[in-house]
Every structure is written in C-alpha cells, then in structure tokens.
Amino acid sequence: MTRLLHTGNAIVDVALTIDSLPEPGGDVLASSSAITAGGAVNTMVAAVRDGLETLHLGARGAGPFAAIVARALGDAGIRAVGPVVDVDTGYSVVLIDPSTERTFVTHVGAESRLTRAALDAVEVRDDDIVVVSGYSLAHSPDVLPGWVAALPAGVRVVFDPSPLVASLSASALDVLLARADIVTANAREAGLIAGAPPAAPAAGSAADLAARVRPGAAVLVRNGSAGCWLVDGGAPVLVPGFAVTAVDSTGAGDAHCGVLCAALSRGDSLPDAVRRANAAAALAVSRRGPATSPTSAEIEALLAR
C-alpha cells in the first residue's frame with residue numbers, strides 16, 4: 001500500500017491576526033492568536049484526512065514546542081520515525097493581515113538536525129510518495145539532495161520549494177528538479193525558480209518552470225482562487241479553483257499538496273488529483289488556523305456541487 005513519507009520540518013506556528021504590520025519600533029494588537037503544530041504537519045494531516053498512510057522522517061526535538069508537535073502527530077495517526085535530538089522544536093510567528101496575506105518570522109530548532117544516517121535507516125518502498133519541502137532543503141542542503149537522488153526509481157518524489165526558494169543553494173535545487181516527479185509551487189515561487197520577472201503571469205511561470213524539470217515530470221503552479229496551472233508534457237492548462245470566502249490562507253498550499261498525494265496514491269489521474277487538491281485548498285482557506293485541511297467527505301461534497 002502506498003505511503004507518504006514527509007522529510008519536512010514539523011514546527012509550531014504562533015499565528016497572530018492583525019489589522020496591519022507595525023512600523024519599525026512600533027506595536028500592534030492582535031485580534032486573535034493561536035499556537036498550533038504547523039509546517040510539514042499541515043501537509044501530513046491533509047494526506048491522512050484524505051486516507052493516505054503517512055510517516056514523518058524529519059528530526060524532532062525535546063521541549064515544550066516539541067510536545068505540541070508530538071501531540072499533533074499522535075492525534076492525527078502520523079507515525080514519527082525521524083531522530084529525536086536534544087534541542088526544542090523550532091517555531092514560526094505568522095502575522096495574518098485582513099487580506100489573509102501571511103508574513104513569517106521563523107526560529108529554527110531541532111528540525112535542522114536531520115542526518116543522512118537517519119534517512120538511510122528508513123525502509124523506502126517502491127510505491128511510496130516522498131515529499132520534500134524547500135524549508136527542510138534550506139536547513140539540510142548537504143543531507144536531503146543526496147538521499148533523494150539515491151531513491152529507487154519507482155518512488156514518486158513531490159517537491160514543494162516553499163517561500164524560502166530564493167534562499168536554496170543552486171546545487172541542491174538542481175538535484176531536486178532533476179529527480180522530482182512533480183514540482184508544486186505558488187506563482188511567486190515558480191517565478192523565482194524560472195527566473196521570471198516580478199508579477200509575471202502564473203501560466204508563463206509554469207511553462208518556464210517546466211523547462212527546468214526532468215523530462216516526464218509535471219509542474220503545478222497554484223494561483224489562488226483561480227485554481228492551479230498544470231504542465232504535464234504540453235502547454236499549461238488551468239484546473240479551475242472553487243469560489244469560497246477566504247479568512248486565512250495559512251496551510252492552503254500544504255492542504256493542496258497532501259490531498260494531491262492522497263489522490264495520486266489511489267490512482268487518480270493528475271488533472272483529477274489537482275482538482276481534488278484545489279477543493280481541499282479552497283475549504284482550508286475558509287477556516288482559521290494552519291492544519292485546516294478537510295476530510296474526504298467534505299472534499300467530496302464540494303466536488304459534487
């Protein structure tokens with residue numbers, strides 16, 4: 001049975017809803033706040049809720065933030081097989097403005113201590129799906145690329161470059177683009193990888209990014225409520241999104257990635273999997289919080305409308 005193996009950083013999100021960012025030296029009051037497990041947890045929870053067995057391969061910590069992550073993984077039924085190190089898990093302060101745009105400040109912790117030996121100790125099956133995030137690639141540039149390149153050919157690799165894409169080393173990025181079966185990014189991330197000018201059309205960035213991946217790989221460029229551009233051996237095709245009232249975009253891309261993997265594990269075609277992922281992301285942005293991915297039944301209900 002296909003499993004999802006996630007190598008990413010399971011951290012804590014400290015989310016604050018604000019009217020505007022403070023000026024330098026200033027202060028603003030948050031209208032709401034939440035402290036929850038986030039990062040890779042969001043993608044893994046999304047996959048589990050849509051029926052895909054999921055393992056976390058990333059490094060875990062010891063401390064109060066690590067306890068939040070451990071509880072979230074356990075509650076979701078996600079098996080943690082990565083190493084435990086003697087520092088606390090990292091966290092990200094997430095500032096959410098009235099447009100639902102997010103601004104991040106992140107402190108790195110135990111998740112940056114992943115080793116090649118720990119990854120090599122995991123038994124990877126030919127039908128597994130491995131997810132690699134740019135966050136973990138940024139923190140483990142000398143570990144993940146070599147391990148990913150050595151994976152069996154039958155293992156599907158999904159690469160999500162993350163907002164840190166501009167900070168990734170060129171050599172690490174090249175290895176992931178040369179091995180990934182699917183690259184899934186938002187329009188900004190795709191444009192940065194492809195070298196597109198700022199505010200370039202998402203379809204153009206998708207086509208440019210497709211020119212950088214290996215033959216046979218697919219590119220997904222998420223474009224908000226409009227949907228997701230898919231390049232799978234031809235010109236970019238827009239898989240439409242779903243109209244919802246967005247209140248918090250935190251975790252939307254993670255929900256998209258997790259449900260995409262779950263759909264592919266069941267044998268869905270890539271366009272059908274993207275449409276299902278679009279529905280999951282739409283439902284996620286209509287709820288406050290990070291791990292807000294819907295259940296399979298909720299996704300089915302939206303798809304049936």
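Would you confirm whether or not segment 237-258 contains a residue that is surrounded by fewer than 22 Cβ atoms within 10 Å (Cβ to Cβ), under 17 Å from the mean Cα position of the chain (by Cα), at pLDDT below 95 and under 29 Å from Ser33 (Cα atoms)?
Residues of segment 237-258 that are surrounded by fewer than 22 Cβ atoms within 10 Å (Cβ to Cβ), as a first pass: 237-247, 249.
So of that shortlist, the ones also under 17 Å from the mean Cα position of the chain (by Cα) come out as 249.
Going one step further and asking which of them are at pLDDT below 95, we end up with 249.
From the residues that got through so far, the ones that are under 29 Å from Ser33 (Cα atoms) too are 249.
Yes.
Select, from Phe159, Phe104, the only residue that is under 16 Å from Gly58 (Cα atoms) and aromatic (Phe, Trp, Tyr). Walk me through how you get there before you give the answer.
Values: Phe104 fails: under 16 Å from Gly58 (Cα atoms).
Selected residue: Phe159, the only one of Phe159, Phe104 that is under 16 Å from Gly58 (Cα atoms) and aromatic (Phe, Trp, Tyr).
Restricted to segment 64-146, the set of strands (runs of 3 or more DSSP E) holding at least 1 residues that are buried (at least 18 other Cβ atoms within 10 Å of the Cβ), within 16 Å of the chain's Cα centre (by Cα) and of a type in the set (D, E, K, R) comprises 102-107. Looking at (1) under 19 Å from Asn186 (Cα atoms); (2) among the hydroxyl-bearing types (Ser, Thr, Tyr); (3) surrounded by fewer than 17 Cβ atoms within 10 Å (Cβ to Cβ), which is the one condition that is false for Ser296? Of the numbered conditions (1) under 19 Å from Asn186 (Cα atoms); (2) among the hydroxyl-bearing types (Ser, Thr, Tyr); (3) surrounded by fewer than 17 Cβ atoms within 10 Å (Cβ to Cβ), the odd one out for Ser296 is (1).
Residue under question is Thr36, and the condition is that it be buried (at least 24 other Cβ atoms within 10 Å of the Cβ) and either in contact (Cβ under 8 Å) with a residue 24 or more places away in the chain or in contact with a helix residue (DSSP H, G or I) (Cβ under 6 Å, 6 or more places away or on another chain) (or both); does it hold?
Details: buried (at least 24 other Cβ atoms within 10 Å of the Cβ): no; either in contact (Cβ under 8 Å) with a residue 24 or more places away in the chain or in contact with a helix residue (DSSP H, G or I) (Cβ under 6 Å, 6 or more places away or on another chain) (or both): yes.
Against the criterion (buried (at least 24 other Cβ atoms within 10 Å of the Cβ) and either in contact (Cβ under 8 Å) with a residue 24 or more places away in the chain or in contact with a helix residue (DSSP H, G or I) (Cβ under 6 Å, 6 or more places away or on another chain) (or both)), Thr36 does not qualify.
For segment 184-191, the count of residues that are buried (at least 18 other Cβ atoms within 10 Å of the Cβ) and closer than 21 Å to Thr2 by Cβ is at least one. For Gly51, are the conditions met, namely being surrounded by fewer than 23 Cβ atoms within 10 Å (Cβ to Cβ), at positive phi and not aromatic (Phe, Trp, Tyr)? Criteria met by Gly51. I'd like to check something: does segment 196-215 contain any residue that is aliphatic (A, V, I, L, M), surrounded by 18 or more Cβ atoms within 10 Å (Cβ to Cβ), in contact with a helix residue (DSSP H, G or I) (Cβ under 6 Å, 6 or more places away or on another chain) and farther than 23 Å from Gly258 by Cβ? Yes, some residue in segment 196-215 is aliphatic (A, V, I, L, M), surrounded by 18 or more Cβ atoms within 10 Å (Cβ to Cβ), in contact with a helix residue (DSSP H, G or I) (Cβ under 6 Å, 6 or more places away or on another chain) and farther than 23 Å from Gly258 by Cβ. Just to be sure, is Thr7 crowded, with 21+ Cβ neighbours inside 10 Å, of a type in the set (Ser, Thr, Tyr), modelled with pLDDT of 95 or more and in contact with a strand residue (DSSP E or B) (Cβ under 8 Å, 6 or more places away or on another chain)? Yes; evaluated as a whole, the condition is true for this residue. For segment 147-159, residues that are crowded, with 17+ Cβ neighbours inside 10 Å and either out of contact with any Cys (no Cβ under 9 Å at 6 or more places or on another chain) or of a type in the set (Asp, Glu) (or both) total 6.
The values are calculated or read from the model by the stated rules, or taken from the named source; none is laboratory data. Predicted model only: the values in this text are computed from it and were never measured. Virtual Cβ from ideal backbone geometry, glycine too; neighbours counted across all protein chains shown.
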